[in-house]
Amino acid sequence: MVKIALQLKANLENVESLTSSASPDFRWYMKFGCNNCGEVSSKWNYVSLSEETPAVRGSAVNHFVNKCKLCARENSLSIIPETIAGINADSCTEFKTVVVLDCRGLEPKEFSAREGWVIKAADNGQTFNDVDLSEGEWADYCDKTNQPVGVYEIQHNFLRVK
């Protein structure tokens, strides 16, 4: 089992924090590579805490199960719930771990930030729920602080962790 952290960084304009929704239905969209044959999926798949499949061995739970189209090997992964975090304005220019995945037979290769994000405006501004980051950026206006808010240049990184 390999633990892989998804890390994000972004330019935040008048934004205090960017986090995934607290809902178990939040979807992490990724493309995966098979560790057995190296095949990388051409389609986006999502991983969600709400989708659980009992593991073949033990009492673990899988949040994603996939059969490789090339070698037919069954691969799986689990989200480690206590690792789910966000990025804050004070550290947004450095990669920050937002979730750790326990991978068995596959590894994430690409990530796509899509819908369901929560953005908290700076200076006790309003909270924007269910934000869609599909375009790679997002901008709006905070009526509480009378300032524009935005998330730009989202970048991701995958890192093996212990």
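Buried (at least 18 other Cβ atoms within 10 Å of the Cβ), of a type in the set (S, T, N, Q) and touching a residue at least 12 places away in the same chain (Cβ under 8 Å): does that describe Ser48?
no
List the residue pairs whose Cβ atoms are under 6 Å apart, where the first residue sits in region 151-162 and is polar (S, T, N, Q), the second is at pLDDT 95 or above, and the two are 6 or more positions apart or on different chains.
These pairs meet every condition: Gln155/Lys9; Asn157/Gln7; Asn157/Phe95.
Condition check ((1) hydroxyl-bearing (Ser, Thr, Tyr); (2) touching a Ser or Thr at 6+ places or on another chain (Cβ under 6 Å)) across all residues:
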| site | (1), (2) |
| --- | --- |
| Ser42 | yes, no |
| Glu51 | no, no |
| Ile87 | no, no |
| Arg114 | no, yes |
| Lys120 | no, yes |
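Out of all the residues in region 135-146, is one or more touching a Lys or Arg at 6+ places or on another chain (Cβ under 7 Å) and either buried (at least 16 other Cβ atoms within 10 Å of the Cβ) or modelled with pLDDT of 95 or more (or both)?
Looking for residues that are touching a Lys or Arg at 6+ places or on another chain (Cβ under 7 Å) and either buried (at least 16 other Cβ atoms within 10 Å of the Cβ) or modelled with pLDDT of 95 or more (or both), one finds none in region 135-146, hence no.
Among the residues in region 68-80, are any open to solvent by 80 Å² or more (accessible area, probe 1.4 Å), part of a strand (DSSP E or B), in contact (Cβ under 8 Å) with a residue 40 or more places away in the chain and over 16 Å from Leu18 (Cβ atoms)?
No, region 68-80 contains no residue that is open to solvent by 80 Å² or more (accessible area, probe 1.4 Å), part of a strand (DSSP E or B), in contact (Cβ under 8 Å) with a residue 40 or more places away in the chain and over 16 Å from Leu18 (Cβ atoms).
Take the residues in region 3-40 that are open to solvent by less than 30 Å² (accessible area, probe 1.4 Å) and farther than 19 Å from Phe95 by Cβ; name whichever of them is nearest to the chain's Cα centre (by Cα).
My answer is Phe26.
Does Val99 satisfy the criteria of being surrounded by 14 or more Cβ atoms within 10 Å (Cβ to Cβ), at pLDDT 95 or above and of a type in the set (A, V, I, L, M, F, W, C)?
For Val99, the condition - surrounded by 14 or more Cβ atoms within 10 Å (Cβ to Cβ), at pLDDT 95 or above and of a type in the set (A, V, I, L, M, F, W, C) - is met.
Got at least one residue in region 105-121 being of a type outside the set (Phe, Trp, Tyr), farther than 30 Å from Arg57 by Cβ and free of Cβ contacts under 8 Å to residues at least 12 places away in the same chain?
Scanning region 105-121, I find no residue that is of a type outside the set (Phe, Trp, Tyr), farther than 30 Å from Arg57 by Cβ and free of Cβ contacts under 8 Å to residues at least 12 places away in the same chain, so the answer is no.
Filter region 51-67 down to residues that are open to solvent by less than 50 Å² (accessible area, probe 1.4 Å) and either more than 18 Å from Ser112 (Cβ to Cβ) or in contact with a Lys or Arg (Cβ under 6 Å, 6 or more places away or on another chain) (or both), then give me how many there are.
Number satisfying all stated conditions: 2.
The values are calculated or read from the model by the stated rules, or taken from the named source; none is laboratory data. Fair warning: this is a prediction, and the values are worked out from it, not measured in the lab. Here the Cβ is made from the backbone with ideal geometry for all residues, glycine too, and neighbour counts use every protein chain on show. Quick note on the areas: whole protein, heavy atoms, side chains included, nothing else; ligands and nucleic acids left out. Shrake-Rupley method; radii C 1.70, N 1.55, O 1.52, S 1.80 Å.
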